[in-house]
1. When you count, for each residue, the other Cβ atoms within 10 Å and take the mean per peptide, how do 87-96, 59-68 rank with the highest first?
2. From Cα pairs below 8 angstrom and at least 6 apart in sequence, can you work out the relative contact order of the stretch 157-211, rounded to a whole percent?
Amino acid sequence: MTKTNTPKKAKLLIKQINSIIQSLYEISLCTYSPMISTSMKAKKNGESQFNIEFPNLDKNLFFANISYEDMWEKMNCNKQYTCKLVDGGLLTLLYTFSYVSGEMVNSRLSFFPCYETPSLDDCPNDYDTDITYLDVFNEQSYPSAIRFDYDPSQTAVKDIVHPSTHLTLGQFEHCRIPLQSPLTPLQFFSFIIRNFYNSKYSLWQSQISSICYKDLAFNNTISINEQKIVHLAW
């Protein structure tokens, strides 16, 4: 596959993801990130799609009938993630684009916190010197998966019940909070770092300030009815 075949927005997303991950390495928030993989797949109707994903992808794992701990362990052992953070949190980014229109046709951006934080005995120096652990080492906190989904297909969407773009908390099957639009990588990482790694947020902002893709945005997808109930907009 040549670069000229890659949809323009997909190129921008790959560039943005790589830049963000590099910035996370620079502030010691990311400990490992597999190389982003891409693939071309043909749908049954003959339309070709371009996928931005990560190695060893197993989409069924996200919905497997297993405990959260087992799912996290499988993802971690098989490196089924886009980025692993210093406390074991796993970030996954999946985007699919149409070769015909060049537009994104679905996405799934997820945050899977580690179900147990490294103990003080395991890494005493980190707890003494790295304020990041003040965010994650809190006995009142409880890890819960967060997932931002976008799927506008007619087989998936049902007004209010299954918004085309929605937020799912804690892997609850029927938790679908309507969103204004799909998230870009920068919006997703900003949300996660600001809310769950706040002690690093200002430093990260200074690292990431040069990443400004004003043309990298997705159209609003929320319906009129979904705007009348509790939803997220920005």
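No lab work stands behind these numbers, since they all come straight from the coordinates. Given the structure is predicted, the values throughout are model-derived calculations rather than measurements. We place every Cβ from the backbone using ideal geometry, glycine too, and count neighbours over all the protein chains shown.
1. Highest-to-lowest ranking by the protection proxy: 87-96, 59-68.
2. 21 percent
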